[in-house]
Amino acid sequence: MQYFRPLLFVLIALAFVSPAHAQLKIDITRGYAEPLPIALPDPVSSSGDAAALGREIMGVVAADLERSGLFRPINKAAFIEQITSANPSPRFADWRQINAAALVTSSIEPRGGDNYTIAFRLWDVYGEANVTGKEYSTFRSNWRRFAHLIADEIYSRLTGEGGYFDSRIVYTAESGPANNRVKRLAIMDQDGANHKFLSTGSDLVLTPRFSPDSQEILYMSYKGKQPRVYLRDLQSGREEMLGQFEGMSFSPRFANSGDRVAMSIARGGN
């Protein structure tokens, strides 16, 4: 099953009638995208602590999907069937009764220490079929990442487009008074969570850019009052300057392959 964005068209119809023929002229003036109703019950679990974590995970999944504008999570108070297991087939008639087009059932269980197993299944309510299902193992501290991965899988399966929720934003954050602005490298999830600064603000930084695998960034920094391009590994925090060029180097970009870099270099005013 694959859902596409349903369109509701506003139509203007004019009928021209003659004794022999009747013509119908239709002008399509605009379209309207109707969000897909989706039910996202809380994950089932044998552990109260894991169940609470599962509710947080599905809350992020719901927020991701709703923010896309293509989905409308259904209020849990409207649910007729209470999901008690992630595996058996749901009572589809109960979900059609509340106009759910898609349903996600899920479970979460502790696996010792800080490890958890998260599983979910996506159901086509009207087709009464299982569309997809996946299982993940993760640390508690990484739960938001897996919420975004689940949202990506649902989004991709129901729209036919690639998901984007498991992505990050790197940017230059500005703070301080207007006559003494401080600029720092900052990074966050696409929904604004997990925000952190990557530099102290002691040196001006500009134009950060991700590598194709999003594990490194290029940026320009005025360290030592000399504008240079730097490469930073996001996992280790290690930095290195790219080249000792005369003048300034700026505006870096990764090649699509990730193994080369393009930048601008100023020499003698050129």
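The values are calculated or read from the model by the stated rules, or taken from the named source; none is laboratory data. Bear in mind the structure is a predicted one, so any value in this text is a computation, not a measurement. Cβ coordinates were reconstructed from backbone atoms using ideal geometry, including for glycine residues, and neighbour counts include every protein chain displayed. To get the accessible areas, we keep the full protein, side chains included, count just its heavy atoms, and leave off ligands, DNA and RNA. Shrake-Rupley method; radii C 1.70, N 1.55, O 1.52, S 1.80 Å.
Some observations on this one:
- THR159 vs. criteria at negative phi and touching a residue at least 12 places away in the same chain (Cβ under 8 Å): yes
Condition check ((1) open to solvent by less than 40 Å² (accessible area, probe 1.4 Å); (2) at pLDDT 90 or above; (3) among the charged types (D, E, K, R)) across all residues:
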residue	(1), (2), (3)
ASP191	no, yes, yes
HIS195	no, yes, no
PHE210	no, yes, no
PRO227	yes, yes, no
MET241	no, yes, no
ARG267	no, no, yes
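- Scoring ASN180 on the criteria (1) touching a Ser or Thr at 6+ places or on another chain (Cβ under 9 Å); (2) more than 30 Å from PRO35 (Cβ to Cβ) leaves a single failure, condition (1).
- Looking across the stretch 43-70, the residues that are crowded, with 20+ Cβ neighbours inside 10 Å and closer than 21 Å to SER141 by Cβ come down to PRO43, SER45, ALA50, GLY54, ILE57, MET58, VAL60, VAL61, ASP64.
- One residue from ALA129, ALA101, ALA178 being more than 18 Å from GLU56 (Cα to Cα), free of Cβ contacts under 8 Å to residues at least 24 places away in the same chain and hydrophobic (A, V, I, L, M, F, W, C): ALA178
- Contact map, the stretch 234-253: residues that are without any contact (Cβ under 8 Å) to a residue 40 or more places away in the chain paired with residues that are of a type in the set (Lys, Arg) and loosely packed, with under 15 Cβ neighbours inside 10 Å, Cβ distance under 7 Å, separation 6+ or inter-chain. Pairs shown: GLU246/ARG267; GLY247/ARG267.
- Condition check for SER202: free of Cβ contacts under 8 Å to residues at least 12 places away in the same chain and assigned to a loop (DSSP other than H, G, I, E, B): yes
- Output for the stretch 139-167, where each listed residue is outside any helix (DSSP H, G or I), out of contact with any Lys or Arg (no Cβ under 8 Å at 6 or more places or on another chain) and surrounded by 13 or more Cβ atoms within 10 Å (Cβ to Cβ): GLY163, TYR164, PHE165, SER167
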